[in-house]
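Below is one structure, written out as structure tokens; the observations come after it.
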Amino acid sequence: MKRLSVFLILACAVAALPAFASKKSRGAASDYVVMASYDVKSDAAWMAVVEALQAKHRAEVIFYDEAPRGQLEALRRLAPRYVAVVEMPENLDRDYVIDLSKLSREVDDDIYADFLWGIVTGYDAAAAMRMVENSTESLVVRDAVATIMELNSAKWFDRYGWVDDHTRGLWGEKRAADAEVVTAKIAPEQVLPKFMELYAGYDPDLVVTAAHATERNLEMPFSLGFIIPEDGHLIGSRSLSAVDKIGELRSSGKRKVYFAVGNCLIGNVNNTRNSMAITWMNDADAATMIGYVVTTWHGRNGWGGLKYWLTVPGRYTLAEAIYMNQQDMLYQMNEWSPSMLREDYPRYDGREFAEASARLGEMLGGRPSHDQVGFWHDRDVLAYYGDPKWDVRLQRIERENDFDVDFKVRGRKCVITITTHDDFNLERMKGDHFKEEHVLDLPFSYFFPERLKNPRLAEGQEWKAAVDENFLLIYDCDFEPGSKYEVRLDIER
């Protein structure tokens with residue numbers, strides 16, 4: 001009933017608007033653009049998804065023929081902060097995601113992404129509509145299930161269950177907000193049933209995984225069973241065949257976030273609705289799904305995005321965390337060599353690693369580091385499925401929100417004031433050493449509450465900083481407790 005009411009509200013809102021009117025004709029500028037293919041435009045059910053997003057965000061709608069890149073000039077004219085692309089799964093693959101990521105940096109002349117993007121899709125139009133409906137109201141993540149050990153403190157969650165990817169047969173759970181974390185060992189053949197039991201029992205807001213995967217399966221840690229797609233449903237199986245099915249990954253219909261933080265290939269729709277990505281959105285009601293479209297090994301894009309989200313919990317939406325991490329990556333790559341942003345990574349065919357190292361060595365004038373090759377590999381290969389403006393956050397942990405940021409714009413000046421509390425912990429702000437084999441210390445970061453026009457450090461400001469219309473990063477941020485710091489920007493109006 002709730003979904004139906006949301007749909008009716010959106011439909012009525014669409015009916016009240018002129019069809020695809022320009023922002024100027026509506027009298028109120030929007031920072032949101034919906035892009036869709038002509039395949040979507042010619043299908044009434046899929047067009048209803050476009051119209052729902054248009055109504056929700058008072059968005060401009062533009063259509064493309066073969067790929068979103070065909071509307072680059074329209075994006076330059078509209079200069080959106082958020083872009084949702086509505087597309088059928090048959091038109092989505094690895095190269096589509098890579099090119100959309102590159103396109104996001106081409107609206108203006110700087111090195112950074114000019115908009116936050118997300119792909120809205122589904123097993124069918126009805127599933128895509130659920131994605132829109134499920135991301136209409138904000139969500140605070142309280143319950144989670146995972147196949148990784150890095151979240152095992154469970155401090156971010158009221159309830160949490162996991163099967164461990166570092167110790168074979170280890171699992172654990174936290175049953176309530178004030179409960180202790182408990183762990184136990186099980187036989188290897190019980191790992192898959194235990195994950196399925198935790199998933200059904202906790203009915204999580206968030207699922208996080210990192211193990212071997214492909215477009216057609218997700219392995220449990222140590223390859224102790226598989227989740228595979230079958231006709232739009234997720235099933236647990238002892239092998240890669242449905243013949244060895246032990247049951248379905250039962251879902252209540254509750255909206256979820258699925259963050260495949262370190263899985264290979266699972267984010268690649270691969271031009272079929274019978275893929276893991278599409279099935280997870282369909283059967284598990286993943287209103288947002290994040291995953292790699294290629295084989296991953298370094299993992300900075302995935303683990304970095306998670307680290308930005310976990311650090312100072314509640315500060316960023318998930319889309320903002322992913323975006324901020326990617327801009328941090330771009331800044332560092334540009335420091336190493338601007339060619340790392342201009343040049344395409346060798347084609348992802350399983351033989352690219354030697355070529356990548358050789359080509360990067362030529363760009364850098366010497367043997368590249370593990371991080372340099374890894375950043376380049378990861379640059380454009382993390383897919384974000386869902387509405388990029390959805391307000392989905394971790395719940396706030398008061399003791400970890402130990403600094404405040406004030407943002408004031410007056411005329412052609414912007415002043416950002418950072419005030420640290422007496423109990424401020426610099427190491428915590430830098431990420432508290434989380435997953436350092438993939439992501440070292442984070443800079444101070446701030447996603448502006450509104451876009452700024454041509455921001456740059458004002459005269460006399462000597463911060464080592466990256467500044468763009470959407471964000472600020474400070475790399476020499478050795479802040480002290482009980483202190484105040486000002487960052488002054490010149491802007492245009």
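The values are calculated or read from the model by the stated rules, or taken from the named source; none is laboratory data. Note that the structure is predicted; figures quoted are calculated from it, not measured. Neighbour counts are summed over all protein chains in view; Cβ atoms, including those assigned to glycine, are modelled from backbone coordinates with ideal geometry. For the accessible areas, the whole protein counts, side chains as well, though only heavy atoms, and no ligand, DNA or RNA atoms are used. Shrake-Rupley method; radii C 1.70, N 1.55, O 1.52, S 1.80 Å.
Checking each residue of segment 285-296 against the condition of being surrounded by fewer than 22 Cβ atoms within 10 Å (Cβ to Cβ) and under 30 Å from residue 363 (Cβ atoms) gives at least one match. Just wondering, is there one or more residues in segment 345-367 that are in contact with a helix residue (DSSP H, G or I) (Cβ under 6 Å, 6 or more places away or on another chain), assigned to a loop (DSSP other than H, G, I, E, B) and farther than 18 Å from residue 296 by Cβ? Looking for residues that are in contact with a helix residue (DSSP H, G or I) (Cβ under 6 Å, 6 or more places away or on another chain), assigned to a loop (DSSP other than H, G, I, E, B) and farther than 18 Å from residue 296 by Cβ, one finds at least one in segment 345-367, hence yes.
Of all residues in segment 396-410, those that are assigned to a strand (DSSP E or B) and not basic (Lys, Arg) total 6. Within segment 180-200, identify whether any single residue is of a type in the set (Gly, Ala, Ser) and open to solvent by 50 Å² or more (accessible area, probe 1.4 Å), and answer yes or no. No, segment 180-200 contains no residue that is of a type in the set (Gly, Ala, Ser) and open to solvent by 50 Å² or more (accessible area, probe 1.4 Å).
For segment 31-64, give me each residue that is touching a residue at least 60 places away in the same chain (Cβ under 8 Å) and over 20 Å from residue 107 (Cβ atoms). Across segment 31-64, the qualifying residues are 43, 45, 46, 48, 49, 52, 56. Pairing residues of segment 343-364 that are surrounded by fewer than 16 Cβ atoms within 10 Å (Cβ to Cβ) with residues that are of a type in the set (D, E, K, R), at Cβ distances under 7 Å and at least 6 apart in sequence or on separate chains, gives 361/367. Among all residues of segment 208-228, there is at least one that is closer than 15 Å to residue 281 by Cβ and of a type in the set (Ser, Thr, Tyr).
The set of residues from segment 75-87 being free of Cβ contacts under 8 Å to residues at least 60 places away in the same chain and touching a Phe, Trp or Tyr at 6+ places or on another chain (Cβ under 9 Å) comprises 75, 79, 80, 85, 86, 87.
Need pairs with beta-carbon distance below 7 Å; first residue open to solvent by less than 10 Å² (accessible area, probe 1.4 Å) and within segment 147-170, second part of a loop (DSSP other than H, G, I, E, B) and charged (D, E, K, R); sequence gap 6+ or separate chains. Hits for this filter: 147/165; 148/165; 157/142.
Within segment 20-54, restricting attention to residues that are open to solvent by less than 30 Å² (accessible area, probe 1.4 Å) and in a loop (DSSP other than H, G, I, E, B), the residue that is modelled with the lowest pLDDT is 21.
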